[in-house]
Amino acid sequence: MLNSALRILPLATEAGIWWLPVVIVAAIIFLIIFFSFVPLGLWISAAASGVRVGLSTLIGMKIRKVRPARIINPLIKATKAGLQLSINKMEAHYLAGGNVDRVVNALIAAQRAGIPLDFEKACAIDLAGRDVLTAVQMSVNPRVIETPVIAAIAKNGIELRAKAKVTVRANIDRLVGGAGEETIIARVGEGIVTTIGSSLSHKDVLENPDLISQTVLGKGLDAGTAFEILSIDIADVDVGVNVGAKLQADQAEADKRVAQAKAEERRAMAIAQEQENKAEVQGMRARVVEAEAEVPKAMAEAFRNGNLGIMDYYRMKNMMADTDMREAIGKTTATEGE
C-alpha cells in the first residue's frame, strides 16, 4: 500500500493535489499503530459474546503490559457461564502473578457443583500456590490417600504392620493456611501406632481391624488441614516379629554377660588374695630363717659373756635330739596304723 502511494505522488503533484499521498501514508501509519495497540478481533469477539469492554480498556492493558487475551477470553467464558466478574479485579489478579483462566474454570466448576466459592477466595487460593481447580474437583470427587506400611507393637510384644487408605475431600475454607497430605498421613500413622500400642494383645487387632479406624476417626485428625477425612479403611494388617521375646532374650543375654563379668571379677580377686597370702607366708618363712640364723650368733655371744656353759649347750642338744626322735616315732606309728 505504501508503494502504491509513492507511485501516486508524481501524478498527484502534476494534478496540484500533492498532499493526497501524504495523507494516505499518514493514514496507513496510523492504522498500523492502531491495530498494534488495539486487538480489534478480540474486541469484536467480546462484543459478540455480550461482554462490554471499551477499546480504551484494551489499550490500557497493552500499556500496562497485560495480555488482553488472558483477561478477555476468561471473562467471555465466565459471562457465558452466568458469572458476573469485574475486569479490573481479573487484571489485578493477573498482575499479581495469578492464573486468571484457572480461577475462572474453578469458579465455573464450583457453580455447577453447588459449592460456595467467590472470586476473592479463589484468587487467594491460587496465589497461595494451590491448584484451586483441583481443589474444587476434590470437593466433588474425594481422593484416596494410601499410607505407607506402619509398624506398631501391642502390649504382648508382638509387632503388627498396618496399611491404611484415607478418603479425603478438599475443604475450600481451609485451603489457605491449611496443612497438606503429609500431615494427614503423619497423623493417621500416629493414630494407628497409638491404637495398636494400647491393645493388650495383637489378636484383638487382628480380630477387629475396624477398631483402628474408629479410634483414629475419633481423634479429629483433619483439624487445621486443608482436607476433610471421610473414612479410614485398614487395607492390610500383617504380623511382624515377636519384639517382646527378642527383648527378653537380649536382656537375658545381657544379664548373663554381667554375671560372667562379676564371676570373673571375683575369681581375679581370689587369685590376687591367694597370691597375697603366699607372699605373706614366704615373708614369714624368710623372717623365721632370718631369726634362726641369729640363734648361733646369740649362743656365741652367750658363750663369750659366760651366760651359757658347755653343759647347758649339751642339754639343749639332747633335748632337741629327743624331740626329733619323738616326732619320728610318732610319724612311724601313724603310718603303721594306716
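The values are calculated or read from the model by the stated rules, or taken from the named source; none is laboratory data. Only a predicted model underlies this, so the values are computations on that prediction, with no experimental measurement involved. In this analysis, Cβ positions are derived from the backbone assuming ideal geometry, glycine residues included, and neighbour counts consider all displayed protein chains. Quick note on the areas: whole protein, heavy atoms, side chains included, nothing else; ligands and nucleic acids left out. Shrake-Rupley method; radii C 1.70, N 1.55, O 1.52, S 1.80 Å.
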Taking only the C-alpha atoms, wrap a convex hull around segment 67-194 and report its volume per residue in Å³ as a whole number.
105 Å³
Quote the FRET efficiency, to the nearest 0.05, computed for residue 297 versus residue 272 with a Förster distance R0 of 41 Å and r equal to the Cβ-Cβ distance.
0.60
What is the local net charge at residue 250, summed over the other residues whose Cβ is closer than 12 Å to its Cβ (Lys, Arg +1; Asp, Glu -1)?
+1
Using only alpha-carbon positions, what ratio does the radius of gyration of segment 212-265 give when scaled by 2.2 N^0.38 Å?
2.24
Partner lysines for residue 89 [C-alpha distance under 27 Å; skip if fewer than 8 residues away on the same chain]:
62, 65, 77, 80, 121
Here the gain from full extension of residue 55 to residue 314, 0.36 nm per residue of separation minus their alpha-carbon distance, amounts to 77.7 nm
Report the one residue of 249, 234, 313 whose Cα lies farthest in the direction of the positive end of the charge dipole of segment 188-338 (charges on C-beta: Lys and Arg +1, Asp and Glu -1; origin at the Cα centre).
313
So what does residue 200 come to for accessible area, using a 1.4 Å probe and Å² rounded to 10?
120 Å²
With all protein chains present, segment 276-318 has a carbon and sulfur share of its accessible area (1.4 Å probe) in percent of 58 percent
Listed residue (137, 94, 69) projecting farthest to the positive dipole end of segment 64-147, Cβ model:
69
Cut-off under 17 Å on the C-alpha distance; same-chain residues fewer than 8 positions from residue 203 excluded. Which aspartates and glutamates are left, in chain and number order?
159, 236, 238
The alpha-carbon center of segment 244-281 and that of segment 101-172 are separated, in whole Å, by 63 Å
Shape category assigned to segment 181-334 from the gyration tensor of Cα positions, a/c cut at 1.5
prolate
Going by the alpha-carbon gyration tensor, a ≥ b ≥ c the square roots of its eigenvalues, is segment 109-173 rounded (a/c under 1.5) or, if a/c is not under 1.5, prolate (a/b greater than b/c) versus oblate?
prolate
Keeping every protein chain present and rolling a 1.4 Å probe, give me the accessible area per residue for segment 115-245 in Å².
48 Å²
In the neighborhood of residue 155, defined by Cβ-to-Cβ distances under 14 Å, what is the net charge if each Lys or Arg adds +1 and each Asp or Glu adds -1?
-1
Which value, in Å² and to the nearest 10, is the accessible area of residue 320 when all protein chains are kept and the probe is 1.4 Å?
100 Å²
Give me the extension gain from residue 128 to residue 279: residue separation times 0.36 nm, minus the current Cα-Cα distance, reported in nm with one decimal.
45.6 nm
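In segment 80-190, what percent of the accessible surface is made up of carbon and sulfur (1.4 Å probe, ligands and nucleic acids excluded)?
48 percent
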Using a 1.4 Å probe on the protein heavy atoms, what percent of the accessible area of segment 197-268 belongs to carbon and sulfur?
53 percent
